[in-house]
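K.L.:
So that we are looking at the same thing, I have put the structure below in structure tokens.
The values are calculated or read from the model by the stated rules, or taken from the named source; none is laboratory data. Since this is a predicted model, take the numbers as computed values, not measurements. For neighbour counting, all protein chains shown are included, and Cβ atoms are generated from backbone atoms with ideal geometry for every residue, glycine included.
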Amino acid sequence: MIQLRHLTKKFGDLVAVSDLSLDVGRGQFFAVLGPNAAGKTTLLRVLAGLLKPTSGTAQVAGFDIQTAPLEARRRMAYVPDFPFLYEKLTPWEFFRFTGQIFQMSEARLEESARELIPRFNLDEFARKPMDGLSHGTRQRVAMVASLLHDPEVFIIDEPMVGLDPQHARIVKDVLKERTRRGCTVFLSTHQISVAEEMADQVGIMHQGRLVAVGTAGELRRQASAGSNGTLEQVFLTLTSTQVAPIS
């Protein structure tokens with residue numbers, strides 16, 4: 001469902017993503033870990049079609065995000081770490097607007113929204129203007145809006161930012177349910193515990209490069225951390241050395 005081939009993104013002399021290749025299958029939960037400035041958010045923005053790669057390709061559900069952007073975007077959802085919401089709209093108005101963008105029928109939109117709104121505990125906020133909502137509530141609004149059209153690929157950057165433990169648990173449960181239904185989740189996080197608990201596979205980025213990919217057990221072997229090593233120990237080992245810049 002996600003195919004990256006030699007993907008590189010530069011900002012002038014800065015190489016944010018370097019020669020990255022990766023395949024993520026249908027129904028797989030993939031988490032990207034990395035220190036600050038590792039290139040995680042840039043990678044997600046390229047995958048979502050918000051940034052043009054310097055070189056290489058990115059495909060979502062079989063469609064190249066550059067040559068067939070509308071087909072790719074119809075099949076995906078993207079939630080950034082600080083999502084943009086229209087301040088004067090209510091969540092219900094925003095959901096209706098989102099549904100129209102994805103050409104959802106009124107009946108399908110109503111059915112999907114009435115399932116997701118109570119699931120994310122948004123009933124009491126659904127008709128209140130967005131500019132009066134807390135960051136955590138707005139994050140849940142963005143999640144609901146992104147899931148309305150039942151995306152095949154869900155790209156999400158730091159999903160737990162601003163969420164209390166109760167709502168973080170709800171988000172985790174919904175994301176795992178979606179993968180069981182065939183949705184591919186591609187998640188970036190600083191929270192190693194989230195990756196360890198949720199992901200089928202974990203990728204570790206460092207200085208723009210994908211330095212390791214695998215299950216927690218496979219990553220421990222790659223980092224020579226031993227069978228009892230934690231994912232945190234693996235992460236610190238794999239990101240403690242300098243990565244040679246690309247030529």
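K.L.:
Answer yes or no as to whether residue 115 is without any contact (Cβ under 8 Å) to a residue 24 or more places away in the chain, of a type outside the set (A, V, I, L, M) and more than 22 Å from residue 168 (Cβ to Cβ). Step through it out loud before you land on a result.
P.N.:
On the way: without any contact (Cβ under 8 Å) to a residue 24 or more places away in the chain: yes; of a type outside the set (A, V, I, L, M): yes; more than 22 Å from residue 168 (Cβ to Cβ): no.
Criteria not met by residue 115.
K.L.:
Out of all the residues in the range 182-204, is one or more assigned to a loop (DSSP other than H, G, I, E, B), in contact with a helix residue (DSSP H, G or I) (Cβ under 7 Å, 6 or more places away or on another chain) and of a type outside the set (A, V, I, L, M)?
P.N.:
Within the range 182-204, the first condition is being assigned to a loop (DSSP other than H, G, I, E, B), and the residues that meet it are 182-183, 189-191, 199-200.
Retained after the next criterion (residues that are in contact with a helix residue (DSSP H, G or I) (Cβ under 7 Å, 6 or more places away or on another chain)): 189.
Going one step further and asking which of them are of a type outside the set (A, V, I, L, M), we end up with 189.
Within the range 182-204, one or more residues are assigned to a loop (DSSP other than H, G, I, E, B), in contact with a helix residue (DSSP H, G or I) (Cβ under 7 Å, 6 or more places away or on another chain) and of a type outside the set (A, V, I, L, M).
K.L.:
Looking only at residues in the range 63-86 that are within 18 Å of the chain's Cα centre (by Cα) and among the small types (Gly, Ala, Ser), which one is nearest to residue 147 (Cα to Cα)?
P.N.:
Only one residue tops the list, namely 77.
K.L.:
Ok, one more. At pLDDT 95 or above and not aliphatic (A, V, I, L, M): which single residue out of 95, 82 fits that description? Write out each step before concluding.
P.N.:
Details: 82 fails: at pLDDT 95 or above.
Exactly one residue qualifies, and that residue is 95.
K.L.:
Residues to consider are 71, 87; find the one that is of a type outside the set (Lys, Arg) and part of a loop (DSSP other than H, G, I, E, B).
P.N.:
Step by step, each of 71, 87 is checked, and only 87 is of a type outside the set (Lys, Arg) and part of a loop (DSSP other than H, G, I, E, B).
K.L.:
Quick one: in the range 74-84, of everything that is outside any strand (DSSP E or B) and touching a residue at least 12 places away in the same chain (Cβ under 8 Å), which residue is nearest to residue 231 (Cα to Cα)? Give the derivation first.
P.N.:
Initial filter on the range 74-84 (outside any strand (DSSP E or B)): 74-75, 80-84.
Narrowing the set further to residues that are touching a residue at least 12 places away in the same chain (Cβ under 8 Å) leaves 74-75, 80-83.
Details: 74: 35, 75: 32, 80: 25, 81: 23, 82: 27, 83: 29 Å.
Filtering first and then ranking leaves 81.
K.L.:
On the basis of being among the basic types (Lys, Arg), in a strand (DSSP E or B) and in contact with a Gly (Cβ under 8 Å, 6 or more places away or on another chain), does residue 5 make the cut?
P.N.:
Working: among the basic types (Lys, Arg): yes; in a strand (DSSP E or B): yes; in contact with a Gly (Cβ under 8 Å, 6 or more places away or on another chain): yes.
So residue 5 fits the description; yes.
K.L.:
Assuming residue 111 fulfils every condition listed in (1) modelled with pLDDT of 95 or more; (2) surrounded by fewer than 12 Cβ atoms within 10 Å (Cβ to Cβ) apart from one, which condition is it?
P.N.:
(2)
K.L.:
Now for a separate question. Going by the conditions given, is residue 139 surrounded by 15 or more Cβ atoms within 10 Å (Cβ to Cβ), among the polar types (S, T, N, Q) and on the phi < 0 side of the Ramachandran plot? Spell out how you get there, then give the answer.
P.N.:
On the way: surrounded by 15 or more Cβ atoms within 10 Å (Cβ to Cβ): yes; among the polar types (S, T, N, Q): yes; on the phi < 0 side of the Ramachandran plot: yes.
Criteria met by residue 139.
K.L.:
If residue 171 satisfies every condition in (1) within 19 Å of residue 48 (Cβ to Cβ); (2) in a helix (DSSP H, G or I); (3) touching a Phe, Trp or Tyr at 6+ places or on another chain (Cβ under 6 Å); (4) among the aliphatic types (A, V, I, L, M) but one, which is the exception?
P.N.:
Residue 171 satisfies every listed condition except (3).
K.L.:
Quick check on residue 75: is it touching an Asp or Glu at 6+ places or on another chain (Cβ under 6 Å) and among the basic types (Lys, Arg)?
P.N.:
Numbers: touching an Asp or Glu at 6+ places or on another chain (Cβ under 6 Å): yes; among the basic types (Lys, Arg): yes.
For residue 75, the condition - touching an Asp or Glu at 6+ places or on another chain (Cβ under 6 Å) and among the basic types (Lys, Arg) - is met.
K.L.:
Just to be sure I understand, how many residues within the range 118-160 are touching a Phe, Trp or Tyr at 6+ places or on another chain (Cβ under 7 Å) and either part of a loop (DSSP other than H, G, I, E, B) or without any contact (Cβ under 8 Å) to a residue 24 or more places away in the chain (or both)?
P.N.:
6
K.L.:
Take residue 158 and decide whether it is under 21 Å from residue 83 (Cβ atoms), touching a His at 6+ places or on another chain (Cβ under 8 Å), crowded, with 18+ Cβ neighbours inside 10 Å and of a type in the set (Asp, Glu).
P.N.:
Working: under 21 Å from residue 83 (Cβ atoms): yes; touching a His at 6+ places or on another chain (Cβ under 8 Å): yes; crowded, with 18+ Cβ neighbours inside 10 Å: yes; of a type in the set (Asp, Glu): yes.
When the stated conditions are applied, residue 158 passes them.
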